[in-house]
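Some notes on the structure that comes next.
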Protein chains: 2
Amino acid sequence: MDFTTQFNAFVAQADQALDKLLLPVSTRPARLHEAMRYSLQAGGKRLRPVLLLSAAELFRGKKHDPLPAGVAIECVHTYSLIHDDLPCMDNDDLRRGRPTAHKQFDEATALLAGDALLTYAFELLAQHYSAEPGFALVRELSDAAGSRRLIGGQMEDLLAEKKADATADQLEFIHLNKTAAMIDAALVMGGLTGGANETELATLRTFGRELGLTFQIVDDILDATADSATLGKTAGKDAKADKTTFVKLHGLDGARRYAREHTESALAALTNLSGDTAFLRRLVETMLVRKH
Amino acid sequence: MDFTTQFNAFVAQADQALDKLLLPVSTRPARLHEAMRYSLQAGGKRLRPVLLLSAAELFRGKKHDPLPAGVAIECVHTYSLIHDDLPCMDNDDLRRGRPTAHKQFDEATALLAGDALLTYAFELLAQHYSAEPGFALVRELSDAAGSRRLIGGQMEDLLAEKKADATADQLEFIHLNKTAAMIDAALVMGGLTGGANETELATLRTFGRELGLTFQIVDDILDATADSATLGKTAGKDAKADKTTFVKLHGLDGARRYAREHTESALAALTNLSGDTAFLRRLVETMLVRKH
């Protein structure tokens, strides 16, 4: 199967599981469950579930179904987007061309739908797994989504936006946590459902960290270089907001060099795994050259 | 030990554990961790941790330390208050005489501090317990805090506030979920750390449900009858807002009768437990006659 076909197959699996594992919109209170489903089915890339499913496939043991964990991590990702979009945060009206949750419903419903998706991620893990690997999945997800990682990165990003002179150290903290946390958690959670051992889990974590940093640096580069039509969203927002980015700190050439270095580190990590890593290798390379 | 001494001893244990188990305010990002601690240490009654600790004591097995679970449930309770107080929800400036989180910090920080406390509850369970009873604690907490219980009750409350003609059925849904969910979860989680069996856990759940309903009905009665000075908060708010309450639906006498009935059901449930239930019996009785 070629890369794109495989990627789309993972996305289809994830979408099907999402549809099945989400609570029906008739669940009381209906408005809350409508808002949860509206946001989850807004047509995201499903990068985190795809990473989780592909990591689970590396291990021939494949002891546990990775799909509920894939849905759980997408719930956490979606909750973070809903809360990010709220007026007191980024105040965005549109996401992927559709009204954001607080525009489609109202602020209170969006707030509660985000809260509910975060909580539902843990419900899913608790309902669909036995204590092993379920409890390890809870540990991984709660740590990655917590105040020192995902939410911490979000907070630091807010603090940094207020000063155009954010430091390289701040930027690294933001990228490692706001972006990379959920990416390395996806890989580790995939490994846990696939029966990976401690060494393999550590390798997946390193790979995820390098992949997450590549992803974020390329994002900064695209914002500075692409046009809005290619990007599918407003380009040049960072420079306009005088936001500190990799490009601002290191210049375009510097940012490109960093992106290549992290790509190489990611690929090097994969050589420590004995399973078939072709899909993940292609994913890293695709991410480096992506145009949107 | 008399009831009040015992109650205060549980509160002191919970407060000490909170102080110890919360992340230090120097944890990066400091502002986020300050806001988390500010809200948790705002001087609450600690009713949920007290219930959890007292339920754990009923079982002589006492296999696991109940304190981290007590802190976890207080984190969830506190997150729900922070989000409740936000401008898009109840828009409250004060809680227990102190500025609410979004007044003391700002809306974005309050939002994220709430998110972080919810997540931290699961981190605490994952860090401080082995898979047994940890995974069962996660299941209980995620279910009680989820879209069909705590958050569902909150959503239904918002929907009902818009219409003064909320039904008895809606009111029951709100009370069972917004109020009773965290109370019965506290008791069941205490039972889990104490090594209760399935039958005992079911009894604790019934007891919690009846206690939670008593608590909420008495709240409605006090709002209608007490003066603000005794209550320690603005009295008569419900009638002024034409909010549907037990008193509005059933009259004062009807509400008092319901409160007594739920108290009796709670006490009856306790007779199914073989441990020393004197403390919980006194707690129910105290709740029925409380003045604030």
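Look at B:D19 and say whether it is out of contact with any Cys (no Cβ under 7 Å at 6 or more places or on another chain), over 23 Å from B:T179 (Cβ atoms) and among the acidic types (D, E).
Yes; evaluated as a whole, the condition is true for this residue.
Going by the conditions given, is B:Q127 within 8 Å of chain A (Cβ to nearest Cβ), farther than 15 Å from A:Y120 by Cα and buried (at least 21 other Cβ atoms within 10 Å of the Cβ)?
So B:Q127 does not fit the description; no.
Can you tell me how many residues in the stretch A:44-77 are under 15 Å from A:D19 (Cα atoms) and surrounded by fewer than 24 Cβ atoms within 10 Å (Cβ to Cβ)?
4
How many of the residues in the stretch A:88-114 are surrounded by fewer than 22 Cβ atoms within 10 Å (Cβ to Cβ), over 16 Å from the mean Cα position of the chain (by Cα) and more than 8 Å from every other protein chain (Cβ to nearest Cβ)?
Number of matching residues: 11.
For the stretch A:150-191, which residues satisfy the criterion of being closer than 14 Å to A:L213 by Cβ, in contact (Cβ under 8 Å) with a residue 12 or more places away in the chain and charged (D, E, K, R)?
Across the stretch A:150-191, the qualifying residues are A:K178, A:D184.
Name the single residue, out of those in the stretch B:147-191 being more than 8 Å from every other protein chain (Cβ to nearest Cβ) and of a type in the set (S, T, Y), that is nearest to the chain's Cα centre (by Cα).
B:T179
Can you find a residue that is buried (at least 21 other Cβ atoms within 10 Å of the Cβ), at the interface with chain B (Cβ under 7 Å from one of its Cβ atoms) and in a loop (DSSP other than H, G, I, E, B) anywhere in the stretch A:137-146?
yes
Criterion first (under 19 Å from the mean Cα position of the chain (by Cα) and touching a residue at least 40 places away in the same chain (Cβ under 8 Å)) does B:A144 satisfy it? Full working, then the answer.
Working: under 19 Å from the mean Cα position of the chain (by Cα): yes; touching a residue at least 40 places away in the same chain (Cβ under 8 Å): yes.
Yes: the conditions hold for B:A144.
Which one of the conditions (1) closer than 27 Å to B:H64 by Cβ; (2) crowded, with 24+ Cβ neighbours inside 10 Å; (3) in contact with a Gly (Cβ under 9 Å, 6 or more places away or on another chain); (4) touching a residue at least 24 places away in the same chain (Cβ under 8 Å) does B:G195 fail to meet, given that it meets all the rest?
(2)
Can you name the residue in the stretch B:15-49 that is among the hydrophobic types (A, V, I, L, M, F, W, C), free of Cβ contacts under 8 Å to residues at least 60 places away in the same chain and more than 14 Å from every other protein chain (Cβ to nearest Cβ) and is also farthest from B:A101 (Cα to Cα) among such residues?
Within the stretch B:15-49, the match that is farthest from B:A101 (Cα to Cα) is B:A17.
Values quoted throughout were computed directly from the atomic coordinates according to the rules given, and no laboratory measurement underlies them. What you see is a predicted model; the values in this text were computed from it and never measured. Glycine also receives a Cβ, built like all others from the backbone with ideal geometry; neighbour counts cover every protein chain displayed.
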